[in-house]
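The values are calculated or read from the model by the stated rules, or taken from the named source; none is laboratory data. Just so it is clear, the model here is predicted, and its values are computed rather than measured. In this analysis, Cβ positions are derived from the backbone assuming ideal geometry, glycine residues included, and neighbour counts consider all displayed protein chains.
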Protein chains: 2
Amino acid sequence: MKPVKVGICGLGTVGSGTFNILKRNADRITGRLGRDVIVTQVGARRDNPACDLAGVDVTRDIFEVARNPDVDVVVELIGGYEVAKELVLMAIENGKHVVTANKALIAVHGNEIFAAAEAKGVSVAYEAAVAGGIPIIKAIREGLSANRIDHLSGIINGTGNFILTEMSQKGRDFADVLKEAQELGYAEADPTFDVEGIDAAHKLTILSSIAFGVPLQFEKAYTEGISKVTPEDVKFAEELGYRIKHLGISKLTEKGVELRVHPTLIHESQLIAKVDGVMNAVAVHGDAVGDTMYYGPGAGSEPTASAVIADLVDLARTFDAGNNARAAHLGFQADSVSDLGVLPVEEIETSYYLRMQVEDETGVMAKITQILSARGVSIEAMVQKEAKAESKATVVLLTHEVKEQLMNDAIAEIEALSDVDGDVTRIRAEHSE
Amino acid sequence: MKPVKVGICGLGTVGSGTFNILKRNADRITGRLGRDVIVTQVGARRDNPACDLAGVDVTRDIFEVARNPDVDVVVELIGGYEVAKELVLMAIENGKHVVTANKALIAVHGNEIFAAAEAKGVSVAYEAAVAGGIPIIKAIREGLSANRIDHLSGIINGTGNFILTEMSQKGRDFADVLKEAQELGYAEADPTFDVEGIDAAHKLTILSSIAFGVPLQFEKAYTEGISKVTPEDVKFAEELGYRIKHLGISKLTEKGVELRVHPTLIHESQLIAKVDGVMNAVAVHGDAVGDTMYYGPGAGSEPTASAVIADLVDLARTFDAGNNARAAHLGFQADSVSDLGVLPVEEIETSYYLRMQVEDETGVMAKITQILSARGVSIEAMVQKEAKAESKATVVLLTHEVKEQLMNDAIAEIEALSDVDGDVTRIRAEHSE
């Protein structure tokens, strides 16, 4: 069969990995696919010394790749929103398939991009956009197609998980570990996207759509970062049998889809609580299969390129057959996508970890528990310790599930008590089943 | 589009699950696929009260399903070798696709069955044959297609993992837990297939072929069961920081493929060591992606049916496109499958846990370590405890990697020492990296 002709746009971390693996593992890839996959053009602002570009058609104009008649599939690895979107839409317009690792692009502009691709009869594949080398898009869209999927949760930002793992294992504080992560190259100079949960929310938005059959609604996602998590909270959580992870959680409820990224207590008996360092994992629950989990490296040159190339191979298999032979872009046919909205965070129901400093005298706990119980909040576990300051105590509570709005009201009332000093720290918790 | 017409053969645990999910989740399945999946005939020796068969064409002759012109895909869920093989070959002969959950059939007769299917231009899908609801066949054949996969290991028998988990967590012995597993329905009345590793070897054979591109060679697999694992070994392993799991291990080496199922010490820091109870997990290492792991229920009615239906949906997408639009049966095109054989177990290199009872007197350890070091075996860790019997001691050693033949020789020589009582217990170990 004729070779598959690939144009790679962007020769940075993932682009160079893609280029190099296609060369190194050509025999394996051809062995699986039954035809060669060759790079006919590379579009990049500059060469990358990691790649031997001898004999390769290199252009400084990425748009040339999108117009090149000798390219079947455009691989978009330049990142960002505007130029990437223009490139992808141009490739589609020229009848080319697209493979991208760009989570921000898909989460924000995916609805528009997929509509354009479907109108043109081409496909935009994006396995590499979520959880790096883990084939999680494939698992959800194809592997679990029998299921009514009702919730998923994931550690989908390696930087954040590295920081929390170090805080847990070495008792270090956030700022200290972040600095090291930046030195190691795990975190960007501007770490906002990673530590504030924006990157995770991009990925969660995509997972939520393909799992539940709802449109991409990134702008409605709730995000809360890990910069306020303290070593003290990590330690208290562990005393209660929990780990703190930066989790992306999405659940299907009758009233809407929960779509939220925040620090989360997870019971240590759950496998996902044991996923440490820069590794990613996504747990998916379906009504037929039950609990499943997918684990692997969520970033990096070759892990991400592994997903890019898997998409290339899948696309090549169905070049002649067309989009009907492939899973729908967002997992469901257009007429089966529901318009279920995202549930405001005040409406979610979850458990909470609360930490507060109180006057160490009788009657304080009675006031606090009464405020909680007046809103139907029952307490699952409690720890009380002498605080550093004289005649103060630190109280940590773990509650059962309650609607967030009621918890907000209770916290406001507790903070107003004269026996309680300062703010109440609140971290959401997922109970083991 | 026209509905997909399915004939289900066998209405036991998995057959009833398949039938019921197809009905219950019809909207989701159609929403993903873009066409209905309907059961046009069921072949079963008897009705199953778990299924509402009103209006369904039921036959007592399963072969009628394989001949039925109103059936596009035959789902083989009767199990066993001979009749199942006859049924599958008849379905292929009649131009029908086949979906099966039958690991024994595929591991033993797969080469023949796939050749017949390819000659006829139909496909035999078998996601449900390995690790139940976990989409592991898809992950390896498609999700990791960029990689040179070099090793994989899996907890792929839930019964065995349940027994070892109970032994570890409650200090119970093998026979005691096996009895409970039988009462709970986790283990068969004849537990041989599960506890002796035959079931796991069937699954491992399949995984090994699709990962490395070698033919199915079940008859060459090395299997060792868990019936001889004692609570004492479980406890010693844990003191050394390890768990004992019944692992299927397959590695690609230049001299051949390792294909072995046996009790294995795994360091507690590895995620797969924390997979407990009846759950399954498969860890796969590729040169590009690195370490990945896939976790979920490895058996049961609906988890297994989840995989059966995922295969149905995948097949239906490519009805018109044909086999070129699908991954090759064993992952690689026929001309890319190597004839690499299975390495005899004496040739593998691994680490070992050794336990022996010795006379509690000076000089014994010197003799033992000298026997080991003469064969290049170095010792990583050692525990010595007073044994119950007077003037005896129990010695536990953890070694570095050595060729199994050399270890066999060393053990024979140690057992011949007058200071060593009885046999040396030997359990292979996988070191964390």
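Some values worked out for this structure:
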read-out: Selection status of A:Ile249, more than 14 Å from chain B (Cβ to nearest Cβ) and part of a loop (DSSP other than H, G, I, E, B); value: no
read-out: Residue tally, condition surrounded by fewer than 24 Cβ atoms within 10 Å (Cβ to Cβ) and either out of contact with any Asp or Glu (no Cβ under 9 Å at 6 or more places or on another chain) or under 20 Å from A:Gly331 (Cβ atoms) (or both), over segment B:276-311; value: 5
read-out: Meets criteria (under 12 Å from the mean Cα position of the chain (by Cα), within 14 Å of chain B (Cβ to nearest Cβ) and over 30 Å from A:Glu238 (Cα atoms)) for A:Ala101; value: no
read-out: Residue match in segment B:348-361 (condition: at pLDDT 95 or above, within 21 Å of the chain's Cα centre (by Cα) and buried (at least 17 other Cβ atoms within 10 Å of the Cβ)); value: yes
read-out: Single residue of segment A:314-364 satisfying the filter (more than 22 Å from A:Ile206 (Cα to Cα) and of a type in the set (Ser, Thr, Tyr)) that is farthest from the other protein chains (Cβ to nearest Cβ); value: A:Thr362
read-out: Filtered residue count, segment B:266-275, keeping only those that are in contact with a Phe, Trp or Tyr (Cβ under 9 Å, 6 or more places away or on another chain) and facing another protein chain (nearest Cβ under 9 Å); value: 2
read-out: Residue within segment A:198-211 that is touching a residue at least 24 places away in the same chain (Cβ under 8 Å), surrounded by fewer than 22 Cβ atoms within 10 Å (Cβ to Cβ), touching a Gly at 6+ places or on another chain (Cβ under 7 Å) and β-branched (Val, Ile, Thr) present; value: no
read-out: Count of residues meeting criterion [among the aliphatic types (A, V, I, L, M), surrounded by 16 or more Cβ atoms within 10 Å (Cβ to Cβ) and closer than 15 Å to B:Lys23 by Cβ] in segment B:42-52; value: 1
read-out: Every residue from segment B:97-112 that is out of contact with any Phe, Trp or Tyr (no Cβ under 9 Å at 6 or more places or on another chain) and surrounded by 24 or more Cβ atoms within 10 Å (Cβ to Cβ); value: none
read-out: Test: residue in segment B:92-109 that is in contact with a Cys (Cβ under 7 Å, 6 or more places away or on another chain), at pLDDT 95 or above and not assigned by TED's automatic domain parsing to the domain that holds B:Asp199; value: no
read-out: Long-range neighbours under 6 Å by Cβ, at least six apart or interchain, first residue in the same structural domain as B:Glu64 (by TED's automatic domain parsing) within segment B:22-46, second basic (Lys, Arg); value: B:Asn25/A:Arg148; B:Arg28/A:Arg148; B:Thr40/B:Lys5
read-out: Residue check for B:Thr159: of a type in the set (Ser, Thr, Tyr), buried (at least 18 other Cβ atoms within 10 Å of the Cβ) and either farther than 30 Å from B:Lys385 by Cα or at pLDDT below 95 (or both); value: yes
read-out: Any hit, segment A:86-96, residues being among the basic types (Lys, Arg) and either assigned to a helix (DSSP H, G or I) or without any contact (Cβ under 8 Å) to a residue 24 or more places away in the chain (or both); value: no
read-out: Subset of segment B:106-128 (residues that are in contact with a strand residue (DSSP E or B) (Cβ under 9 Å, 6 or more places away or on another chain) and within 14 Å of another protein chain (Cβ to nearest Cβ)); value: B:Ser123, B:Ala125, B:Tyr126, B:Glu127, B:Ala128
read-out: Qualifying residue in segment A:254-261 (condition: within 14 Å of chain B (Cβ to nearest Cβ), at negative phi, surrounded by fewer than 24 Cβ atoms within 10 Å (Cβ to Cβ) and charged (D, E, K, R)); value: no
read-out: Matching residues in segment A:183-241 - criterion: being closer than 28 Å to A:Leu398 by Cβ and among the polar types (S, T, N, Q); value: A:Ser208, A:Thr223, A:Ser227, A:Thr230
read-out: Candidate set: segment B:293-313, residues that are over 16 Å from the mean Cα position of the chain (by Cα) and farther than 28 Å from A:Arg317 by Cα; chosen: the one nearest to the other protein chains (Cβ to nearest Cβ); value: B:Glu302
read-out: Which numbered condition B:Asp276 misses (of (1) among the acidic types (Asp, Glu); (2) touching a Pro at 6+ places or on another chain (Cβ under 9 Å); (3) modelled with pLDDT of 95 or more); value: (2)
read-out: Residue count, segment B:23-74 (criterion: within 14 Å of chain A (Cβ to nearest Cβ), in a loop (DSSP other than H, G, I, E, B) and touching a Lys or Arg at 6+ places or on another chain (Cβ under 6 Å)); value: 1
read-out: All positions within segment B:75-85 that are assigned to a loop (DSSP other than H, G, I, E, B) and either over 24 Å from the mean Cα position of the chain (by Cα) or of a type outside the set (Phe, Trp, Tyr) (or both); value: B:Leu77, B:Ile78, B:Gly79, B:Gly80
